[in-house]
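One structure is given here, and the rest of the page talks about it.
The values are calculated or read from the model by the stated rules, or taken from the named source; none is laboratory data. Being a predicted model, the structure only gives us computed values, none of them experimental. Because the Cβ atoms are built from the backbone with ideal geometry, glycine has one as well, and the counts that use them run over all protein chains shown.
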Amino acid sequence: MSSSDLPRPPITTQRSRFGERLILKGLLLCALLSIASTTAIVMVLGKESALFFQHVPLSDFLFGTEWHPVLNPPRFGVLPLVCGTFLIVAGAGLVALPIGLGTAIYLGEYASQRTRDIIKPVLEVLAGIPTVVYGYLALTLITPMIRAVFQNTGVFNAASAAIVVGIMILPMVASLCDDAIRAVPDGLRQGAHALGTTNFEVSTRVVVPAALSGIIASFVLAISRAIGETMAVTLAAGATPKLTLNPLESIQTMTAFIVQLSLGDTPNGTIEYQTIFAVGALLFVITLVMNVIAGRVLRRFREVYE
Amino acid sequence: MSELFASNVARRKRHANLFRWICAGMTWLSVLVLGIMLYHIVAQGWSSLDWRFLNSFPSRFPNQAGIKSALWGTVWTIGFIALFSIPIGVATAIHLEEYAKPGRLRSFIELNIANLAGVPSIVYGMLGLTIFVRWMHLGRSVLAGALTMTLLILPVIIIAAREAIRAVPDSLRSAGLALGATRWQVAWGHVLPSALPGILTGVILALSRAIGETAPLIMMGALTYVAFVPGGPGDYFTTMPIQIFNWASRPQHEFHTLAASGIITLLSVLLAMNTIAVIIRHRSQRSRTW
Amino acid sequence: MVDILGRQHAAEARGTRSAPILATRGVTISYGDSTAIRDITLEIPEQKITAIIGPSGCGKSTLLRSFNRMNDLIPSVHHTGEILYHGQDIYARGVDPVELRRQIGMVFQKPNPFPKSILKNVTWAPALHGYRGSLMQLAEESLQRVALWDEVKDRLSQSAMGLSGGQQQRLCIARAIAMQPDVLLMDEPCSALDPVSTSRIEDLLFELKSRFTILIVTHNMQQASRVSDYTVFLDRGSMVEFDVTDKIFTQPGEQRTADYVMGRFG
């Protein structure tokens, strides 16, 4: 019997494939959760901050230079917290940006495969160490070292927290810069070498400039991560909001303030409770803006070399 | 011919060598730093790390304090985080890679995921506090903590799972579809199994991040003094990083020693998980034929 | 035998017998375990254009890149034998590849201008090397010599990335000759270009011949026969024949050469 004797099955279908359509809806629902999540963050921060700003004018919050929300009379000038955050970020950047870029250049332009096989896992381990561990290290390892040199340093100080935050974001800087440097076409390196230039000149005058937007974007992402860092600064940098640029003093960051207040029992609906959300909203906006800008720059950078 | 140029090669070579050594120094510095940090932790915490430490509840007396409730609290929360985040994360990745047509909705979802990945973890704590603890009346429970952490690590899992799914060659999908399978059958039967090692690696790394996270749980009010092992999703809980934070923030040196012992325990758990991830990655690279 | 022939012709062409500008003696180069070129001995005649031809994968580029030690940049490459520049072994101790590359310029298969201004592309390397004259003048001369000056003189400060492929490649040649090299190595310089740009660059080669010794790798037989004075034919890493171009293309000494130039294989 040849196959042509069989009735030909139809190529249309009456089956509704109900199960499969249900699964599709489920998948879509899961994907939509990320939108819901973002919306929820914005609403939660927005609602409580709105209540906060009914009591405190926005300009007092943004430009006030005194921050003691639980004293009487309370003061809600966020600048000391911003200043503390800035001090940490500047210090961390000073540690992580040059070392991260140097590491990326070394890995991309000089290192043997063997060196890469050692350094990459080390960086991954550094990136995987929980932040509370960095806080412990700042307190018990870095601070004693600093105090050995500068005797009048406080037990809590910005410098030790900044250094560990720098170590923490170093792997991120190194790996993103490494990506950027690798994206530079080899032809440019060869072209430069063929003109009789040294490795130093090729790296600093050709490769780094060509990768510059990618490198800067990675710096911005790392800085944004440092701004949101919480546990290390809570443990090591102190809890005294203050307008100072001296890294040896105790300060308080935005994130550390949020933790400090939430460790105590702050009842829902009080101004103290709303303060947390106002500071959180500021933190959210700052990091979001930095991430969006860096993301755009990175995308454009990748398009150039694809 | 050579008088056209100043003979500056010697100086330039010196600069090049100096630069190379500086970069090499910076690179190896991270190895040194890691070594010093690990040595410091082990030197501080090794002596008090014993069975009694692992099997005791926290206490005001350093020599009686242990990490038992925190260890079990971590196990409970991670279990629930995995239960929630893996299906949701992988489902999102399948939707975006296998079904979603390029367009506004997909770009918007992608934008959201990218931005959520960069939101500071403490902001998730505020979200959890408001939505899960207060609004849904879950209280400061294991469940509320796990849900908060799920939102935190979802972007990481989604991004890793998408990469793993994208690495599956299109020829496999075409082959399945050409045999008359539906897209879901192809996704479930061929794409997902092929992408599984990559997904698993990403999931394990995301869960290790969740294990180490402290700020969101403190924010949503996980208690720092819990002298019992949680019995279910509705119980109060503490976790290892919270316990470490608690010990490290006390002024007495004895508690710092306990913090170091806790850190060794925590890092051992993380190391074990990462070893598993490395083994999975290694095996799949060996058996992969495309 | 082969290199003697080549040397004779080279000597006839010059009418003298001084040390050749570039020569190889028993050069073998391998990538890890696989040998790219095997036991090649030849002498490159001065101020002529020598073409290196052969089927793809025969080691043309590897040979070319050994003359300015660009192969150093690939860690797995190692070589035996000698490569002589004015009679001096360029792999000897104390030879600085940076100095060497200043004197032996190179143009690549794909145009690779730096993402800088057109002017900066030309003046960058001379400035680094401490050029004593006027950089502006040097740039103008170099760009004029590649017939690019008129096209770009009004936009010297614009990015070189905005030029067309053919213009980019001429800019890369200008960049190389601005260093006043002795030898110019060209690795399939036209393979990424359209026919019009190709013929412009071929014209350019004739202009440049009076000043430089040129080695050009090409997969294009017509190009080799049009532009070169001498031709090296490589096959599977070995040198089959080296002779005056006319002879290679009209009465080759080897059957394999004949098959290749007639298009019977490769």
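Select from the range A:220-275 the residues that are facing chain B (nearest Cβ under 9 Å) and acidic (Asp, Glu) and write down the one among them that is surrounded by the most Cβ atoms within 10 Å (Cβ to Cβ).
A:Glu229
Could you look through the range B:117-132, keep only residues that are farther than 15 Å from B:Leu147 by Cα and within 8 Å of chain A (Cβ to nearest Cβ), and pick out the one that is surrounded by the most Cβ atoms within 10 Å (Cβ to Cβ)? Show your work before the answer.
Narrowing the range B:117-132 to residues farther than 15 Å from B:Leu147 by Cα: B:117-120.
From the residues that got through so far, the ones that are within 8 Å of chain A (Cβ to nearest Cβ) too are B:118-120.
Details: B:Gly118: 18, B:Val119: 23, B:Pro120: 25.
Only one residue fits best here, namely B:Pro120.
Within the range C:129-154, track down each residue that is within 8 Å of another protein chain (Cβ to nearest Cβ), over 23 Å from the mean Cα position of the chain (by Cα) and of a type outside the set (Phe, Trp, Tyr).
Within the range C:129-154, the subset within 8 Å of another protein chain (Cβ to nearest Cβ) is C:129-133.
Adding the requirement that they be over 23 Å from the mean Cα position of the chain (by Cα) leaves C:130-133.
If the condition is that a residue be within 8 Å of another protein chain (Cβ to nearest Cβ), over 23 Å from the mean Cα position of the chain (by Cα) and of a type outside the set (Phe, Trp, Tyr), then C:Gly130, C:Arg132, C:Gly133 are the ones that fit.
Does A:Gly102 meet the test of being within 8 Å of another protein chain (Cβ to nearest Cβ) and closer than 18 Å to A:Cys177 by Cα? Talk me through it step by step, then tell me what you get.
Values: within 8 Å of another protein chain (Cβ to nearest Cβ): yes; closer than 18 Å to A:Cys177 by Cα: yes.
So A:Gly102 passes the test.
Which ones in the range B:1-41 are more than 7 Å from every other protein chain (Cβ to nearest Cβ) and hydrophobic (A, V, I, L, M, F, W, C)? Write out each step before concluding.
Filtering the range B:1-41 down to residues more than 7 Å from every other protein chain (Cβ to nearest Cβ) leaves B:2-3, B:7, B:10-11, B:14, B:17-18, B:21, B:25, B:28, B:32, B:35-36, B:38-39, B:41.
Matches in the range B:1-41: B:Ala10, B:Leu18, B:Trp21, B:Trp28, B:Leu32, B:Ile36, B:Leu38, B:Ile41.
Of the numbered conditions (1) within 29 Å of C:Ala258 (Cα to Cα); (2) surrounded by fewer than 17 Cβ atoms within 10 Å (Cβ to Cβ), C:Asp150 fails exactly one; give the number of that condition.
So the condition that C:Asp150 fails would be (1).
Taking helices (runs of 4 or more DSSP H) that do not extend beyond the range A:142-200, which have at least 1 residues that are in contact with a Gly (Cβ under 8 Å, 6 or more places away or on another chain), within 14 Å of chain C (Cβ to nearest Cβ) and more than 30 Å from C:Asp182 (Cα to Cα)? Break it down into steps so the answer makes sense when it comes.
Working: elements: A:143-149, A:158-183, A:186-193.
So the answer is A:158-183.
Determine which single condition C:Leu119 fails, assuming it passes every other condition in (1) more than 9 Å from chain A (Cβ to nearest Cβ); (2) closer than 16 Å to C:Gln167 by Cβ; (3) of a type outside the set (Val, Ile, Thr); (4) touching a residue at least 60 places away in the same chain (Cβ under 8 Å).
(4)
For every residue, the table says whether it meets (1) modelled with pLDDT under 95; (2) over 30 Å from B:Trp247 (Cα atoms); (3) of a type in the set (Ser, Thr, Tyr).
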{"position": "B:Leu151", "(1), (2), (3)": "no, no, no"}
{"position": "B:Leu154", "(1), (2), (3)": "no, no, no"}
{"position": "B:Ala178", "(1), (2), (3)": "yes, yes, no"}
{"position": "B:Pro197", "(1), (2), (3)": "yes, yes, no"}
{"position": "B:Thr214", "(1), (2), (3)": "yes, no, yes"}
{"position": "B:Leu223", "(1), (2), (3)": "yes, no, no"}
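Scan the range A:204-211 and tell me whether some residue there is outside any helix (DSSP H, G or I), farther than 21 Å from B:Thr27 by Cβ, in contact (Cβ under 8 Å) with a residue 12 or more places away in the chain and not polar (S, T, N, Q). Walk me through it before giving the result.
Going through the range A:204-211, the residues outside any helix (DSSP H, G or I) turn out to be A:211.
Now restrict to residues that are farther than 21 Å from B:Thr27 by Cβ: none.
No: zero hits.
So B:Trp76 fits all but one of (1) farther than 23 Å from B:Pro230 by Cβ; (2) away from every other protein chain (no Cβ under 13 Å); (3) of a type in the set (A, V, I, L, M, F, W, C); (4) surrounded by 18 or more Cβ atoms within 10 Å (Cβ to Cβ); what number is the exception?
It is condition (1) that B:Trp76 fails.
Of all residues in the range C:136-176, how many are part of a helix (DSSP H, G or I), closer than 23 Å to A:Ala210 by Cα and hydrophobic (A, V, I, L, M, F, W, C)? Before the answer, list the steps.
Within the range C:136-176, the subset part of a helix (DSSP H, G or I) is C:136-145, C:149-155, C:160-162, C:165-176.
From what is left, the residues that are closer than 23 Å to A:Ala210 by Cα are C:139, C:152, C:155, C:160-162, C:165-176.
Now restrict to residues that are hydrophobic (A, V, I, L, M, F, W, C): C:139, C:152, C:160-161, C:171-174, C:176.
The total comes to 9.
Please pick out the residue among A:Leu45, A:Leu94, A:Leu24, A:Leu32 that is within 14 Å of chain B (Cβ to nearest Cβ) and at pLDDT below 90.
Working: A:Leu45 fails: at pLDDT below 90; A:Leu94 fails: at pLDDT below 90; A:Leu32 fails: at pLDDT below 90.
None of the other options fit; the residue is A:Leu24.
Looking only at the range A:72-115, count how many residues are among the aliphatic types (A, V, I, L, M) and closer than 13 Å to A:Ile163 by Cα.
Filtering the range A:72-115 for residues among the aliphatic types (A, V, I, L, M) gives A:78-79, A:81-82, A:87-90, A:92, A:94-97, A:99, A:101, A:104-105, A:107, A:111.
Still in the list and also closer than 13 Å to A:Ile163 by Cα: A:87-90, A:92, A:94-97, A:99.
Qualifying residue count, the range A:72-115: 10.
Take B:Phe108 and decide whether it is surrounded by fewer than 18 Cβ atoms within 10 Å (Cβ to Cβ), facing another protein chain (nearest Cβ under 8 Å), farther than 27 Å from A:Leu123 by Cβ and not hydroxyl-bearing (Ser, Thr, Tyr).
Details: surrounded by fewer than 18 Cβ atoms within 10 Å (Cβ to Cβ): yes; facing another protein chain (nearest Cβ under 8 Å): yes; farther than 27 Å from A:Leu123 by Cβ: yes; not hydroxyl-bearing (Ser, Thr, Tyr): yes.
It is true that B:Phe108 is surrounded by fewer than 18 Cβ atoms within 10 Å (Cβ to Cβ), facing another protein chain (nearest Cβ under 8 Å), farther than 27 Å from A:Leu123 by Cβ and not hydroxyl-bearing (Ser, Thr, Tyr).
Every residue in the range B:126-163 that is without any contact (Cβ under 8 Å) to a residue 40 or more places away in the chain and in a helix (DSSP H, G or I), please.
Hits for the range B:126-163 are B:Leu127, B:Thr130, B:Ile131, B:Arg134, B:Trp135, B:Leu151, B:Glu163.
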